[in-house]
Amino acid sequence: MKIAAAQFTSAPGAVGANVRAMADLIRSAAGQGARLVVFAELAVTGYEVELIAKNAGLTLTEDDPRLEPVRQACRAGGITAVLGCPVSTESGRPAITALVIGPDGALLTRYDKVHLHGVENDVFAAGDRDGRFTLDGTGFALAVCYDNRFPELAERAAADGCRVYVASSVLAAGNDSFETIYPVRARENGLYVVLANAVGVSTEGDCPGDSGVWGPDGGLLATAGPAAPGLAITEIRTP
């Protein structure tokens, strides 16, 4: 199975433009044979915490019609997409959510970031459960950015029989996670780790991209490189 990590520069609060950019990357990944494409944390709105807090219109629903271009791209390409966006919860606050849209355009699952960081605690609701989905018989686990600092998430993923650990993030230049977190989670748990990172300036700082996929031995298998929109695509071994 081929999987892809996608990166691009989200326009702050411009849901329509960002969704169209994501749909283009989904089509590109599908054209290269990928069955899964992963996007960065809050890619639909940009990682713009203050903007999201002030503008209720930036909070999406699970079936939000603004995501239809993504659903269409998934159906056309027979590909699954992991989207980062603020999504409403019963608490009245949005969650930092990974929505998983399947190859038929339907919602496979949602995962709400469990471990919020810093100012996120003032705006968002924390999730309370692990994220899981199955594609072509392979188990996938979901995590978002600061979650990855907690090794028990990857440990539970491996214990549950997952093969791939999906890490949507927003990492600024100089963040040590590229060396000390993602390859370590892969190596210590025998998992493929897929990192989709942002490109450009956000609340978090200037993000370099460098989205990538690490193999179960911790070795880097693919990278989208720095600074420019693009894809990191690799083929993984599945049971």
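The values are calculated or read from the model by the stated rules, or taken from the named source; none is laboratory data. This one's a predicted model, so the numbers in the text were calculated from it and none came from an experiment. So basically every Cβ, Gly included, is an ideal-geometry build from the backbone, and we count neighbours across all protein chains shown. What goes into the accessible areas is simple: the full protein's heavy atoms, side chains included, and nothing from ligands, DNA or RNA. Shrake-Rupley method; radii C 1.70, N 1.55, O 1.52, S 1.80 Å.
Suppose all protein chains stay in the model; what accessible area per residue would a 1.4 Å probe give for the chain, in Å²? Let's see the in-between values first.
Numbers: 9210 Å² over 239 residues.
Ligands and nucleic acids excluded, the figure is 39 Å² per residue.
What is the distance in Å between the Cα centroid of segment 84-130 and that of segment 156-183?
Centre-to-centre (Cα) distance: 17 Å.
A159 versus R129, label points 7 Å from Cα toward the beta carbon: distance in nm?
The answer from the label model is 1.8 nm.
For the chain, give the share of DSSP beta bridges that are antiparallel, in percent and rounded to the nearest 5; count only bridges with both residues there.
Values: 35 of 53 bridges.
Approximately 65 percent, going by the DSSP bridge assignments.
Would you mind counting up the charge near A227? Only other residues with Cβ under 15 Å from its Cβ, with Lys and Arg at +1 and Asp and Glu at -1.
Working: positive: none; negative: D206, D210.
Here the charged neighbours net out to -2.
Tell me, what ³J(HN,Hα) does each residue in segment 30-43 have, in order and in whole Hz, if you take phi through Karplus 6.51 cos²θ - 1.76 cosθ + 1.60 with θ = phi - 60° and put x for Gly and Pro?
4, x, 9, x, 6, 9, 9, 9, 10, 10, 6, 3, 6, 4
Which three numbers, in whole Å and largest first, are the semi-axes of the equivalent ellipsoid of segment 130-239 derived from its Cα gyration tensor as √(5λ)?
Details: eigenvalues 102, 43, 29 Å².
After diagonalising the Cα gyration tensor, the semi-axes are 23, 15, 12 Å.
Using only Cα positions of segment 3-116, each an equal point scatterer, no hydration layer, compute I(q)/I(0) via Debye at q = 0.11, 0.21, 0.22 Å⁻¹ and quote the log10 values to two decimals.
The calculated log intensity ratios at q = 0.11, 0.21, 0.22 Å⁻¹ are -0.30, -1.10, -1.20.
I need two numbers for segment 7-66: Rg to one decimal and Dmax as a whole number, Cα atoms only, in Å.
12.4, 40
I want to check the label-to-label distance for D24 and R149. Put each point 7 Å from Cα in the C-beta direction and report it in nm to one decimal.
Modelled inter-label distance: 3.4 nm.
Taking 25 Å as R0, compute the FRET efficiency from the Cβ-Cβ separation of A17 and A173 and round it to 0.05.
Details: r = 24 Å, r/R0 = 0.97.
Efficiency, from the Cβ-Cβ distance: 0.55.
Evaluate the Kirkwood expression for the hydrodynamic radius of segment 62-183, namely the inverse of the mean inverse distance over all pairs of different C-alpha atoms, and round to one decimal in Å. Walk me through the numbers before you get to the answer.
Numbers: mean 1/r = 0.0656 Å⁻¹.
Kirkwood radius, segment 62-183: 15.2 Å.
Quick one: with all protein chains in place, what share of the accessible area of the chain is carbon or sulfur, to the nearest percent (1.4 Å probe)?
After summing per-atom areas, the C and S share lands at 49 percent.
List the extent of the Cα atoms of the chain along each of their three principal axes, largest first, rounded to whole Å.
Result, largest extent first: 44, 37, 34 Å.
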